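This report refers to the structure that appears directly beneath it.
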Amino acid sequence: MKKNKLQAIRGMNDIVPQAIPYWEKAERVLKDVATSYGYQEIRFPIVETTELFVRVIGEVTDIVEKEMYTFSDRNNDSLTLRPEGTAGCVRAALEQGLLHNQIQRLWYLGPMFRHERPQKGRYRQFHQFGVEAFGLSGPDLDAELLLMAQRIFRALGIADKLTLEINSLGSLANRTTFQEKLVEYFQANYNFLDEDSKRRLTANPLRILDSKNPQMAGLLKNAPKLLEFLDPKAESHFKQLCFLLDQNQVKYHVNPYLVRGLDYYNYTVFEWQTNELGAQGAICAGGRYDALVEQLGGQKTSAAGFAIGLERLVALFNNQPIARNDPHVYLVLVGEGTLACGLQLAEKLRDRVPKLKVLTNFGGGNFSAQLKRADRSQALFALIIGEEEINTQSVIVKHLRAEGTQERVSWDEVSKYLAKLLNLELESE
Ligand code: HAM
């Protein structure tokens, strides 16, 4: 009987070697830019207690209600695969004493898990790059976070594909007053609410504003606006932020309906969006969460950050040409005694030119079969060793991407020769 092929879990992707150069480019840019703003890496577990996410993200959110990968371990403890990074980052920073009267700027990168309905740009395992800054309460930090995101998009050549939306959720008190008015308004228009919104009206009315249902558009347009309920401090914070963005030529659109799907935010919230990926347009999202550290048992500590989804980020530039990880040279070994000699030469080349990528022919084959493999490997040069080369302690360097160019080089000289040709660093002997 034929066995069923085992397949990956729906919504969890393999990243194949051809895609890796794009991921590496994204990761390099993200790390370099975060470092240039003084952020340091933190690593924390992929699994945490379920309670952490419930408390941080909020009981009545899509993530906690229906998207978490939660399971009991062998001690019957309820654990959850992290659906986002902020919760784990704050927990770790607190537990490691990083927040004690200190300013911290942290970044992280890794897989997150949400049991969402998979579609283009929306996966069950996806990767986030996140930054979180602690101990800074002003709009200067918010503005710098947005400048940092913009710098990342520019470095990847995709800035013109993104637009920035910002909003202020005000303080908790502002939100409570606003929420009362909002509930009054929706109750007066109860019959126009869709099913989802009716459910949210008692559970989490702010999220109704986030509805993408076109039937709700008219109702939402006339709903009270959060920005009208900001107290003077929250209003001034938002105005300052807009001023700083204007002064730094960051283009943005104030979107009064932007409320975000996680409960921890206050004051500034933002999203960078694109039209290029269909329905899943949010590339980067974040904001302030000044109450969270205290809520998790720490001292009162202002905080703000954002996260970028790497699958979506990479999808915005993976049609650009990119340097691939192909080998530089392919060692062709034909004839008696050439294998041992070839392995030795390859090791010597790697000693002297550490960045050189060398592929050695294994499994024999005649000259033309090996040359074909060399060509298919995408290597730039074939290094050919036959019996004559062993006798003369030399190697033929054949350019595979330019017709008819080949040269004989001695074993002593070949490292230097290749380093020069490929512009790679040569270690001294
Ligand atoms: P979020 O909006 O839930 O925020 O996710 C941030 C980004 O992760 C999204 O904009 C998107 O690019 C990516 N993302 C989310 N879900 C998926 C998915 N199912 N498939 C692919 N990509 C996805 C947060 O997670 C907050 N922790 C952000 C934050 C950090 N706020 C303050 N600090």
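Points worth noting:
- Residue list for the stretch 246-290, restricted to those being more than 13 Å from the ligand (Cβ to nearest atom) and over 19 Å from the mean Cα position of the chain (by Cα): D246, Q247, N248, Q249, V250, K251, Y252, H253, V254, N255, P256, Y257
- Test result for F186, within 16 Å of the ligand (Cβ to nearest atom) and either hydrophobic (A, V, I, L, M, F, W, C) or in contact with a helix residue (DSSP H, G or I) (Cβ under 7 Å, 6 or more places away or on another chain) (or both): no
- Looking at the stretch 264-356, none of the helices (runs of 4 or more DSSP H) lying wholly inside it contains 3 or more residues that are closer than 30 Å to L98 by Cα and hydrophobic (A, V, I, L, M, F, W, C).
- Filtered residues of the stretch 323-358 (kept if polar (S, T, N, Q) and open to solvent by 20 Å² or more (accessible area, probe 1.4 Å)): N325, Q344
Per-residue answers, yes or no, for (1) at pLDDT below 95; (2) near the ligand (Cβ under 9 Å from one of its atoms):
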| residue | (1), (2) |
| --- | --- |
| V90 | no, no |
| R105 | no, no |
| R114 | no, yes |
| K120 | yes, no |
| H127 | no, yes |
| V131 | no, yes |
| L141 | no, no |
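- Counted residues, the stretch 274-311 - those being of a type outside the set (A, V, I, L, M, F, W, C), surrounded by fewer than 23 Cβ atoms within 10 Å (Cβ to Cβ) and touching a Leu at 6+ places or on another chain (Cβ under 9 Å): 6
- Residues that are touching a Lys or Arg at 6+ places or on another chain (Cβ under 6 Å) and either open to solvent by 90 Å² or more (accessible area, probe 1.4 Å) or touching a residue at least 40 places away in the same chain (Cβ under 8 Å) (or both), drawn from the stretch 385-425: Q406, S415, L424
- Within the stretch 182-207, being in contact (Cβ under 8 Å) with a residue 24 or more places away in the chain, more than 19 Å from R260 (Cβ to Cβ) and surrounded by fewer than 17 Cβ atoms within 10 Å (Cβ to Cβ) holds for Y185, N189, F192.
- Applying a threshold of 6 Å to beta carbon distances and a minimum spacing of six or more residues, or different chains, the list of pairs starting in the stretch 19-46 at a residue that is over 21 Å from A133 (Cα atoms) and ending at one that is open to solvent by 20 Å² or more (accessible area, probe 1.4 Å) and not polar (S, T, N, Q) reads P21/I322; P21/R324.
The values are calculated or read from the model by the stated rules, or taken from the named source; none is laboratory data. Keep in mind it's a predicted model, so treat the numbers as computed, not measured. Backbone-built Cβ (ideal geometry, glycine too); neighbour counts: all protein chains shown. Surface areas here come from the heavy atoms of the whole protein model, side chains and all, with no ligands, DNA or RNA. Shrake-Rupley method; radii C 1.70, N 1.55, O 1.52, S 1.80 Å.
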